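First the structure, in the form of structure tokens, and then the observations on it.
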Amino acid sequence: MSQSSRSLRVMISGGGTGGHIFPAIAIANAVKEREPGTEFLFVGAEGKMEMDKVPAAGYRIEGLPIRGFQRTALWKNVGLPWRLLKSMLKARRLVREFKPDIAVGVGGYASGPTLAAAQRARVRTLIQEQNSFPGATNRLLARKVDRICVAYAGMEKFFPQEKILLTGNPVRQEVVRLTGKHPRGLEQFGLQDGRSIVFITGGSLGARGINRGIEAALPLLKDQGVQLIWQTGAPYFKQAQEAAAKLGYTDCKVHEFVSRMDHAYAIADLVVARAGAISVSELCLVQLPAILVPLPTAAEDHQTMNARALTDRGAAVLVTDDRAVEDLGGEIVRLIGNRNELARLRMAIAGLGQQNAAEAIASEVIRLARA
């Protein structure tokens, strides 16, 4: 069988958060669309969410016993060297048995041992870096990988320029396709057309700084007639419900989790969000004005770097987590009351969106695998 006609074997590694898992699945789906006979093996970290999400998407996954360094509970790091050794040995075995044509790393604990094992076996490797400030694993792997797909310009500060391909971040297409969804969004959230709508989201687990800032701002926002969709996450849900009810703020719709992000995006005039890589990419593609409140404890402060990649270009507004209680409400009211500023932010962020990122990465995966 010729190299061009036989089925490809693609190993994809990484995870730990949805920001790594969903791009990995999007890349696999895009490769499968182009090459339906491709065999995939995902490699994740035992006990992490990829071990459930990947099989749910229809792909096989193997887990490594790898864990990250625990900064807040140092005693938990006692077994870390042993876990790393076991992960390296298992990764080598998986590469030897699966015989991939290419190994793709999307970041997360498992991608280091897996791609290192693939490189040792002389398998082609590609990494996808979602953030504007790369993680330590990808910085280490970059020396030997064949291609580095990035979401932001200027990444030659961290990676060899000749290996970089600017593709953007793969996002779930159903989330960013908004055409015709405005009426359904108004109906789902019980809000009125023609009045300002702000969507607050801190991700599936919520964001303490954002939630505290919104709770403090509720009297001001109610007084200004602002309609809210407030995704709080489970830990803050009851407190947020009680705060809105105490004020009689019926236009504040409190949700523990918003499953139809597309419906919320379709009706929002402004979004308040963390600055995770995938959230930022979605905002660029749906072209929505945003106030970004970066998670201050994110590794190497990469969320602040993601936010600044937009704010330095006038494409979003930055409020730091420690100033959310004092400043967030005032910034929301300032922007909602200034249609020209909202239009300017919308135009600026629209210029940063990278369409068809998964397809671009898939093309490069296939090209390298067949090289």
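Note on segment 285-343: semi-axes of the ellipsoid equivalent to its C-alpha gyration tensor, largest first and rounded to whole Å, are 21, 15, 8. Restriction of the trypsin sites (Lys or Arg not before Pro) in segment 217-298 to DSSP coil positions whose beta-carbon has at most 16 other beta-carbons within 10 angstrom yields 260.
Excluding ligands, DNA and RNA, the accessible surface per residue across segment 216-355 is 42 Å² with a 1.4 Å probe.
With the convex hull drawn over the C-alpha atoms of segment 204-338, the volume per residue is 103 Å³.
Measuring between alpha carbons in the structure, the pairs from 53/157; 53/181; 86/238 lying more than 31 angstrom apart are 53/157; 86/238.
For the chain, taking the reciprocal of the average inverse distance between every pair of different Cα atoms yields a Kirkwood hydrodynamic radius of 21.6 Å. Taken about its Cα centre, segment 241-371 carries a charge dipole of about 420 debye when Lys and Arg each add +1 at the Cβ and Asp and Glu each add -1 at the Cβ. In the chain, the DSSP-assigned H stretches of four residues or longer account for a calculated mean residue ellipticity at 222 nm of -13500 deg cm²/dmol, using -39500 (n - 2.57) per stretch and the full residue count as denominator. When the solvent-accessible area of the chain is split by element, carbon and sulfur atoms take up 50 percent of it, the probe being 1.4 Å. Size check on segment 259-371: the Cα extents along the three principal axes, sorted descending, read 55, 31, 30 Å.
Annotation: aspartates and glutamates with alpha-carbon distance below 17 angstrom to residue 90 (same-chain offsets under eight excluded): 46, 62. Between residue 343 and residue 297, full extension at 0.36 nm per residue minus the direct alpha carbon distance yields a gain of 13.4 nm. In segment 108-261, one over the average inverse separation of all distinct C-alpha pairs is 18.9 Å, which is the Kirkwood hydrodynamic radius.
Note on segment 86-124 and segment 198-263: Cα centroid distance 43 Å, given to the nearest whole angstrom. Geometric descriptor of segment 307-371, per residue, is 118 Å³ (volume of the convex hull of the Cα atoms).
Once the 1.4 Å probe is applied to the protein heavy atoms, segment 93-145 comes out at 40 Å² accessible per residue. Below 8 Å between Cα atoms, with a sequence gap of 6+, how large is the relative contact order for segment 220-363 in percent? This gives 22 percent for segment 220-363. No solvent, one uniform scatterer per C-alpha: report log10 I(q)/I(0) for segment 228-269 via the Debye equation at q = 0.17, 0.25 1/Å, two decimals. Log-scaled intensity ratios, in q order: -0.46, -0.86. Here's the picture: charge each Lys and Arg Cβ at +1 and each Asp and Glu Cβ at -1 in the chain, and of 191, 275, 227 the one pushed furthest to the positive end of that dipole is 275. With the gyration tensor restricted to C-alpha atoms of segment 96-196, the semi-axes of the equivalent ellipsoid amount to 38, 17, 11 Å, longest first.
The values are calculated or read from the model by the stated rules, or taken from the named source; none is laboratory data. Keep in mind that this is a model prediction, so the values were computed, not measured. With ideal geometry, Cβ positions are generated from the backbone for all residues, glycine too; neighbour counts draw on all protein chains shown. The protein model used for the area step is the full one, side chains on, heavy atoms only, and it has no ligands, DNA or RNA in it. Shrake-Rupley method; radii C 1.70, N 1.55, O 1.52, S 1.80 Å.
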